Amino acid sequence: MKNKTILLGVTGGIAAYKACDIINRLRENSYEVIVVMTKEAREFITPLTLQTLSGNRVFCDMFAPIEDWDPVHTSLAEKADLALVAPCSANVIGKLAHGICDDLLTCVMITTVAPKLLAPAMNEKMYENKVVKENVDKLKNLGYKFIGPTKGHLACGHVGIGHIAPTEEIVKQVKSLLR
């Protein structure tokens, strides 16, 4: 039996560094991890770091030349047994809620039929914003699952809701959704 494949989307925000620990924990549990990064995520962490940890090519650009013709967004969507976005920014939540596919990650997320798990991470005022709350509710109604955010120390120096869920809880939720 083949190992399950987790498509890990990494979005822009200081919590992008947590993707390293998430990849390590998923691989310790025998999951194959394929990473798709947004342009904004690359401002916080490099593709090389995530490629080294995942052992797989990291995908960043829908229009990058490829050796074998294969539409990258559909082929990645088909490989996923589960699509996890961690951290998931308010920007990506909004795009997904409204069907906006203007980068590789949003195209893959809209295309895949695999279960979808989002781990939001953002400033508390952003997370509590009425528009973000409506987008989260809309995605939940469409079958997306959410984990977190939790109360914790935020990049702005405050303590509040918006901290990415603990890695152990994210991996536990991945396992549960794949059963």
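For helix 18-28, what angle does its Cα long axis make with the longest principal axis of the chain, in degrees from 0 to 90 and rounded to 10?
50 degrees
Given axes a ≥ b ≥ c from the Cα gyration tensor, I'd like to know whether the range 22-115 is rounded (a/c under 1.5), prolate (a/b larger than b/c) or oblate. Please list the in-between numbers first.
Values: a/c = 1.29, a/b = 1.18, b/c = 1.09.
Rounded.
Show that you can apply the helix-only estimate: for the chain, add -39,500 (n - 2.57) for every DSSP H stretch of four or more residues, divide by all residues, and state [θ] at 222 nm to the nearest 500.
Counting only the DSSP helices, I get -11000 deg cm²/dmol.
For the range 1-131, with the dipole built from +1 on Lys and Arg beta-carbon atoms and -1 on Asp and Glu ones, taken about the Cα centre, which of LEU53, PRO120, THR38 lies farthest toward the positive end?
About the Cα centre, the residue reaching furthest to the positive side is PRO120.
So, by mean Cβ neighbours within 10 angstrom, what's the order for 48-55, 37-44, 161-168, 4-11 with the highest one leading?
So the peptides 48-55, 37-44, 161-168, 4-11, ranked by packing, come out 4-11, 161-168, 37-44, 48-55.
Give me the net charge for the shell around ARG25: Cβ to Cβ below 13 angstrom, other residues only, Lys and Arg +1, Asp and Glu -1. Display every interim value, and only then the final one.
Numbers: positive: LYS18, ARG27, LYS172, LYS175; negative: ASP21, GLU28, GLU168, GLU169.
Net of charged neighbours comes to 0.
Sort the range 7-48 into rounded, prolate or oblate with this rule: let a ≥ b ≥ c be the square roots of the eigenvalues of the Cα gyration tensor; rounded if a/c is under 1.5, and if a/c is not under 1.5, prolate when a/b is larger than b/c, oblate otherwise.
Working: a/c = 2.62, a/b = 1.88, b/c = 1.40.
Taking the square roots of the gyration eigenvalues as a ≥ b ≥ c, the range 7-48 is prolate.
Across bins of 10 angstrom width beginning at 0, how are the C-alpha pair distances of the range 88-142 distributed, in whole percent?
23, 59, 17, 0
Distance in nm between label sites at VAL159 and LYS39, each 7 Å beyond Cα in the beta-carbon direction?
So the two model labels end up 3.8 nm from each other.
Counting only Cα atoms, I'd like the Rg/Rh figure for the range 57-171, Kirkwood definition for Rh.
Details: Rg = 15.1 Å, Rh = 15.0 Å.
Reported Rg/Rh (Cα atoms, Kirkwood Rh): 1.01.
Placing unit charges on C-beta atoms (Lys and Arg positive, Asp and Glu negative, everything else neutral), compute the dipole magnitude of the chain about its Cα centre in debye, rounded to 20.
Details: 21 positive and 19 negative charges, 124 e Å.
It works out to roughly 600 debye.
No lab work stands behind these numbers, since they all come straight from the coordinates. Fair warning: this is a prediction, and the values are worked out from it, not measured in the lab. Quick reminder, even Gly has a Cβ in these numbers, built from the backbone with ideal geometry, and neighbours come from all protein chains shown.
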